[in-house]
1. Neighbour counts of other C-beta atoms within 10 Å: give me ARG26, ARG209 arranged from fewest to most.
2. Could you tell me which of rounded, prolate or oblate describes segment 225-277, using a ≥ b ≥ c as the square roots of the eigenvalues of the alpha-carbon gyration tensor, with rounded for a/c under 1.5 and, failing that, prolate when a/b is larger than b/c and oblate otherwise?
3. Using per-residue counts of other Cβ atoms within 10 Å, averaged over each peptide, order 188-201, 150-163, 260-273, 236-249 from highest down.
4. Normalised by the number of residues in segment 222-272, what is the relative contact order in percent for Cα pairs under 8 Å and 6+ residues apart?
5. Quick check for me: using +1 on Lys/Arg Cβ and -1 on Asp/Glu Cβ, what's the dipole size of segment 225-277 about its Cα centre, in debye to the nearest 20?
6. Could you tell me the calculated FRET efficiency between LYS267 and ASP240, based on Cβ-Cβ distance and R0 = 22 angstrom, to the nearest 0.05?
7. Quote the charge dipole size of segment 174-278 about the Cα centre in Debye, to the nearest 20; the model charges only the Cβ of Lys and Arg (+1) and of Asp and Glu (-1).
Amino acid sequence: MLAAGAMVWAPGAVAKDKEPPVELVRCTESIGSVALVEGDQAGWNEWGLGSPRALLVALASESGCFTVDNPNDTAPARFLVTLIAGSQEEVDKGMELAKGAATEALVRSGAASGLLRGVPGAGAVLGMFGGLGGKKKTVAAGLRVVSPANGLTVAAGQGVVKKSSLSFGGASAGWASTAAGAAGYQGSKDGQMLTEAFVIAFNELVAQRDLMAGAPEVAGAAPGAVVAADTVMRAAASKDAAEVRALRTGTELEPTGNREGLFVEVKDNFGTLGWVSV
């Protein structure tokens, strides 16, 4: 359940000078464990910023809405969350398919009406799937939730900011300062805007918690695991290991039960063994 009094920023909204600062949504229990994956659209590199992983870990911890998967245990993550960032137009393109899948799931599942009734500000959730546009410089962030059980998009959120409404003035700034500081974003204007953009996207995901709750559970070593995104099978549990073969989205694999960090050992339909990152 959402904690009483929590605020959800209107999805897809652009921060303005006189609007109240965005608030991080709060949960009384975790929706599930997540493994964070950096997407191809890594705008933070263009702005001279580091990975937003630590930022998202801080948001998950502060909100209580997700637990971050421990790569050293054998339990699989409930969800895979892809992080992307860039200009508004770049993130629009990167999130297009994810938004469409999540919109269809909302409508077909009947969850949309429940979200509108039960989540403060969630009446705008469906509105986030329209065109955004705009010519001024923007900092945008996108989060896509995929179920490892079937490789399907479960939810998607996007935040777009032109000027940050958050305060980052040291310890007194509270959760916003802590979250930005975790990724080293406090001292950068782009970093502050990106922090807020990820907060908005994060809030959108939580507003779709009913969809995520309905996603199939993942069995640690069950056969028939499905590749969630185009990737490669590697000879060892390392992103620098030799490539064994390319894997397309939807490819079925059989996990062997072995896991090292964010990699699991799998076998394809031809009997080829290798390692795939979650």
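1. The most exposed by this proxy come first: ARG26, ARG209.
2. Details: a/c = 1.37, a/b = 1.20, b/c = 1.14.
Rounded.
3. Details: 188-201: 25.5, 150-163: 23.2, 260-273: 14.9, 236-249: 12.5.
Output ranking for 188-201, 150-163, 260-273, 236-249: 188-201, 150-163, 260-273, 236-249.
4. Details: 85 pairs, mean separation 17.5, N = 51.
Computed value for segment 222-272: 34 percent relative contact order.
5. Values: 6 positive and 8 negative charges, 7 e Å.
The dipole magnitude comes to about 40 debye.
6. Details: r = 22 Å, r/R0 = 1.00.
Computed FRET efficiency for LYS267 and ASP240 comes out at 0.50.
7. Values: 8 positive and 13 negative charges, 29 e Å.
Here the size comes out at about 140 debye.
None of the figures in this text is laboratory data; all of them are computed from the coordinates on show. Remember, it's a predicted structure, so these values are computed and weren't measured experimentally. Here the Cβ is made from the backbone with ideal geometry for all residues, glycine too, and neighbour counts use every protein chain on show.
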